[in-house]
Amino acid sequence: MPTPNHDITQLLTNFITTEMAARSGGDAPAPDFPIIEAGLVDSLGIFKLVAFIEEQFRVNVEPDEILFENFATINAITKLVRAKQSAPGAAGT
């Protein structure tokens, strides 16, 4: 069953806050905050995010999906997760 958007956004926000934002003050980023442009998430952080997404939401993020536009904000990541969960053949569908 696909995870509701609000839940995806909250889980991503919590992960980014605990794993990445702690070094920059620990404030939770807004869903539309530019997490890469602001330096909150770096290249290693992207791979941590991908691992978290694959484990938490039981989807596979393909290498060609690791694009700036898919990881620019929490909203963009939520959209990616939702698309992956809604795809034919996705786990739980």
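Here the label points at residue 30 and residue 56, each 7 Å from Cα along the C-beta direction, are separated by 2.1 nm in the simple model. Direction-averaged projected area, Cα convex hull, the stretch 54-93: 2.8 nm², rounded to one decimal. The 3J(HN,Hα) values that the Karplus relation (6.51, -1.76, 1.60; θ = phi - 60°) gives for the stretch 42-48 are, in residue order, 10, 4, 5, x, 4, 5, 5 Hz. Gly and Pro appear as x.
Pairwise inverse Cα distances across the chain, averaged and inverted, put the Kirkwood hydrodynamic radius at 13.2 Å.
Relative contact order for the chain: 38 percent, from Cα pairs under 8 Å spaced at least 6 residues apart, divided by residue count. Every pair of different Cα atoms in the stretch 28-67 enters the Kirkwood calculation, which places the hydrodynamic radius at 11.1 Å.
Read-outs: derived from the displayed coordinates by stated rules, not from any lab. Not measured: the values here are computed from a predicted model. All Cβ positions, even for glycine, are placed from backbone atoms using ideal geometry, and neighbour counts span all protein chains on display.
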